[in-house]
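K.L.:
Take a look at the following structure, please.
The values are calculated or read from the model by the stated rules, or taken from the named source; none is laboratory data. As the structure is a prediction and not an experimental result, all values here were calculated from the model. Cβ: placed from backbone, ideal geometry, glycine included. Neighbour counts: every protein chain shown.
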There are 2 protein chains.
Amino acid sequence: MRQVAIGIDIGGTNTSIGVVDREGNLLFETKPQLPTPQKRENPDARQDVSNQLRDSFIELITAEIRHAIQTVGKSIPELEVAGIGIGAPFANYYDGTMGITANLPFTDVVHLTGLIQAKLPEIAIVKVTNDANAAALGELIYGGGRGMRNFVMITLGTGLGTGLIVNGDLVYGQDGFAGELGHATAVPDGRDCGCGAKGHLETYCSATGIKRTVFELLAQHLNSESRLAKISYNDLTAKMVYDAAVEGDPLALEAFSYTGKILGRSLADAVHYLSPEAIFLFGGPTAAGELLFKPVRESLEHYLLPFYRNKIKLLPSELKAGSAAIVGASALVWKELDKIQ
Amino acid sequence: MRQVAIGIDIGGTNTSIGVVDREGNLLFETKPQLPTPQKRENPDARQDVSNQLRDSFIELITAEIRHAIQTVGKSIPELEVAGIGIGAPFANYYDGTMGITANLPFTDVVHLTGLIQAKLPEIAIVKVTNDANAAALGELIYGGGRGMRNFVMITLGTGLGTGLIVNGDLVYGQDGFAGELGHATAVPDGRDCGCGAKGHLETYCSATGIKRTVFELLAQHLNSESRLAKISYNDLTAKMVYDAAVEGDPLALEAFSYTGKILGRSLADAVHYLSPEAIFLFGGPTAAGELLFKPVRESLEHYLLPFYRNKIKLLPSELKAGSAAIVGASALVWKELDKIQ
């Protein structure tokens, strides 16, 4: 018998489904990805349309799960599916729902676990959480966090997501939505955040944040010789900033340095909150390596209470970029098995 | 049989010892308090002197514990001492030590639990933590946090202490020192903090912080008619600011308003971290009641993610000011019994 877990990542555009073993190997991945239902141009946010989209989405997911299990079962005869773990926007571990978000067409919360379990009653464990929490569990179960009891997982992308591991388990909090360090205030009255507030960490420390920093620096300095001065706001990506930094562009280097300073300071706060053993960074901007890690580490050490200095490990995530979302989601299953046993 | 716990509060000047029942009633308190060993003028920070002071301090504490048990035993014949809980500066729950602090004369960490247990081997449970953590456990076991699984305890005094309850237990973190929100950055590059850093929350939100705010406002405005303008920095207390605010002194009112704004913003961060059910405020400045709570609540709600608004309870601690330190420390014992059972 070989136990596997299904991992599902419900993204804004696509939904990925995979089969993952206890060691975090992705044995199978549905290709092409499923389309996540999209909001239409016309305001069709009516209950019945929303329900139809929801039901056909669940139908699609469960059909693909069956297909994935069948496919893997061909090469592994004694396959046992331990459960399904789902990473989804605004997902609540406690009640199994995906909340209402601006990007998705659903007018009500979607009871993901209940709807999937109704279609696949033979699968005992179906759990959801958001993608950053799933990544933290992935790091705990398969990655650099194995054997650790306390760490902070930071995912850098369009925004900044967080998963907090305390006493060996994810912190969900009272409402299931704990771990939103991206919405901690990093700079009082600072940049506008998508949530409506100002100065939140993710407006500085994320792929988007790095880009915004470039434009702030362009405004501040007289830097027209930077190659980044030739690129419009809409065209600029964090990758371009990285490429420029690698070639020694001073503006790009300063953008990474500034990003690291802000992130390091906020991570020092996180250490003072939670006394973690390590902080893992995951996501596109971490490809910049020491260009990002060095200023983060220096700032973190600078802002840490003396007691913590040179003690907190700042590490790149060990999850693979391409499969982390599915693999992280699947970790929910093993964590749940651990709790039951 | 009636179970009681011993609570000990090792303060900078005095050490208090009491006997507390399962409901948090203080049955007996050692009077006068024991003197906590003090640093001497001459540099006597030699190992042998430190060890002598430590040993005589432990001797004093254990003698007083025996005396307290005997005294309470006279009125409660079938007394059972469940354990000893100690609140002490820089105390580490995991290894039972009190760390080296600037105020105390000990040149090395003091292994409080080991030393006390060696003298009182009949007592099975001896646990330590810092005073803010002890207060949080007190709130959980005896106070307004009974039945809650996730809350944040803020103690306002000379500094700002914190205890974090997650999943029904205190967050100690990897090193045992988690929950230092007082040393989270509230205002980047702001006021000097005792720890050497700048802008930490406790430099704004504490009895000392309120006083510093008064002087900042005096510098900023033309406020010579305020009664606080007549008091020197060394003479001013948070209580004087409160008294002035009650009488409508605009400067004093603004000081509370500003304190509340900063604290509310940092508490919003804490909510985004941990998704607590409630936040409890404890300590001298909370005697100001709505003068403090109103601006904190307004700021908290303002800075919370929309999802959390009007959901987080901001509550005064239910611990009694006079006995909270002893009673909180004693809660360590019942919490430990809960874990064992």
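K.L.:
Considering only residues of the stretch A:83-102 that are surrounded by fewer than 20 Cβ atoms within 10 Å (Cβ to Cβ) and among the aliphatic types (A, V, I, L, M), which is farthest from A:G159 (Cα to Cα)?
P.N.:
Step by step, filter the stretch A:83-102, then rank; the result is A:I100.
K.L.:
Right, here's the next one. Go through the residues of the stretch A:28-36 one by one and say whether even a single one is of a type outside the set (D, E, K, R) and modelled with pLDDT of 95 or more.
P.N.:
There is at least one residue in the stretch A:28-36 that is of a type outside the set (D, E, K, R) and modelled with pLDDT of 95 or more.
K.L.:
For residues in the stretch A:150-163 being touching a Pro at 6+ places or on another chain (Cβ under 9 Å) and closer than 16 Å to A:E277 by Cβ, which is nearest to the other protein chains (Cβ to nearest Cβ)?
P.N.:
First pass over the stretch A:150-163, keeping only residues touching a Pro at 6+ places or on another chain (Cβ under 9 Å): A:150-152, A:156-157.
With the extra rule that they be closer than 16 Å to A:E277 by Cβ, the set shrinks to A:150-152.
Working: A:N150: 4, A:F151: 8, A:V152: 10 Å.
Among residues in the stretch A:150-163 that are touching a Pro at 6+ places or on another chain (Cβ under 9 Å) and closer than 16 Å to A:E277 by Cβ, the one nearest to the other protein chains (Cβ to nearest Cβ) is A:N150.
K.L.:
Can you say whether A:L160 is touching a strand residue (DSSP E or B) at 6+ places or on another chain (Cβ under 9 Å) and either crowded, with 17+ Cβ neighbours inside 10 Å or not assigned by TED's automatic domain parsing to the domain that holds A:L332 (or both), as far as the supplied structure shows?
P.N.:
Values: touching a strand residue (DSSP E or B) at 6+ places or on another chain (Cβ under 9 Å): yes; either crowded, with 17+ Cβ neighbours inside 10 Å or not assigned by TED's automatic domain parsing to the domain that holds A:L332 (or both): yes.
So A:L160 fits the description; yes.
K.L.:
Considering each of A:A63, A:A68, A:A82 in turn, give the residue that is farther than 24 Å from A:P35 by Cβ and modelled with pLDDT of 95 or more.
P.N.:
Unique residue meeting the criteria: A:A82.
K.L.:
So, one more: Please verify whether the stretch B:29-48 includes one or more residues that are in a strand (DSSP E or B) and surrounded by 16 or more Cβ atoms within 10 Å (Cβ to Cβ). Break it down into steps so the answer makes sense when it comes.
P.N.:
Narrowing the stretch B:29-48 to residues in a strand (DSSP E or B): B:29, B:34-35.
Next, only the ones that are surrounded by 16 or more Cβ atoms within 10 Å (Cβ to Cβ) stay: B:29, B:34.
Yes: the stretch B:29-48 contains one or more residues that are in a strand (DSSP E or B) and surrounded by 16 or more Cβ atoms within 10 Å (Cβ to Cβ).
K.L.:
Quick one: in the stretch B:164-199, of everything that is within 30 Å of A:D189 (Cβ to Cβ) and of a type in the set (D, E), which residue is nearest to the other protein chains (Cβ to nearest Cβ)?
P.N.:
Checked the stretch B:164-199; the qualifying residue nearest to the other protein chains (Cβ to nearest Cβ) is B:E180.
K.L.:
Turning to a different aspect of this structure: Looking only at the stretch A:95-132, count every residue that is within 19 Å of A:I6 (Cα to Cα) and not in a loop (DSSP other than H, G, I, E, B) and tell me the total.
P.N.:
In the first step, residues of the stretch A:95-132 are kept if they are within 19 Å of A:I6 (Cα to Cα); the result is A:96-98, A:111-132.
Checking the rest, the ones that are also not in a loop (DSSP other than H, G, I, E, B) come to A:97-98, A:112-119, A:125-129, A:131-132.
Matching residues across the stretch A:95-132 total 17.
Yes or no, residue by residue, for (1) within 26 Å of A:R146 (Cα to Cα); (2) within 14 Å of chain B (Cβ to nearest Cβ):
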{"position": "A:D235", "(1), (2)": "no, no"}
{"position": "A:Y242", "(1), (2)": "no, no"}
{"position": "A:Y258", "(1), (2)": "no, yes"}
{"position": "A:F282", "(1), (2)": "yes, no"}
{"position": "A:T286", "(1), (2)": "yes, no"}
{"position": "A:L332", "(1), (2)": "yes, no"}
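K.L.:
Mind checking whether some residue in the stretch B:70-80 is in contact (Cβ under 8 Å) with a residue 24 or more places away in the chain, in the same structural domain as B:W334 (by TED's automatic domain parsing) and within 27 Å of B:G179 (Cβ to Cβ)?
P.N.:
No; the residues of the stretch B:70-80 include none that is in contact (Cβ under 8 Å) with a residue 24 or more places away in the chain, in the same structural domain as B:W334 (by TED's automatic domain parsing) and within 27 Å of B:G179 (Cβ to Cβ).
K.L.:
Considering the stretch A:233-268 alone, what residues qualify as being among the charged types (D, E, K, R) and either part of a loop (DSSP other than H, G, I, E, B) or not assigned by TED's automatic domain parsing to the domain that holds A:L217 (or both)? Talk me through it step by step, then tell me what you get.
P.N.:
So in the stretch A:233-268, the residues among the charged types (D, E, K, R) come out as A:235, A:239, A:243, A:247, A:249, A:254, A:261, A:265.
Passing the criteria: A:D235, A:E247, A:D249.
K.L.:
Which residues, taken from the stretch B:305-326, are in a loop (DSSP other than H, G, I, E, B) and under 24 Å from B:L253 (Cβ atoms)?
P.N.:
So in the stretch B:305-326, the residues in a loop (DSSP other than H, G, I, E, B) come out as B:305, B:309-312, B:317-323.
Of everything in the stretch B:305-326, those that are in a loop (DSSP other than H, G, I, E, B) and under 24 Å from B:L253 (Cβ atoms) turn out to be B:S317, B:A321.
K.L.:
Here is a check on your reading of the model: is A:L222 in contact with a helix residue (DSSP H, G or I) (Cβ under 6 Å, 6 or more places away or on another chain), in a loop (DSSP other than H, G, I, E, B) and more than 14 Å from every other protein chain (Cβ to nearest Cβ)? Outline the logic, then answer.
P.N.:
On the way: in contact with a helix residue (DSSP H, G or I) (Cβ under 6 Å, 6 or more places away or on another chain): no; in a loop (DSSP other than H, G, I, E, B): yes; more than 14 Å from every other protein chain (Cβ to nearest Cβ): yes.
When the stated conditions are applied, A:L222 does not pass them.
K.L.:
Just one of B:L267, B:L305 is surrounded by fewer than 19 Cβ atoms within 10 Å (Cβ to Cβ), within 14 Å of chain A (Cβ to nearest Cβ) and more than 23 Å from B:N25 (Cβ to Cβ); which is it?
P.N.:
On the way: B:L267 fails: surrounded by fewer than 19 Cβ atoms within 10 Å (Cβ to Cβ).
Unique residue meeting the criteria: B:L305.
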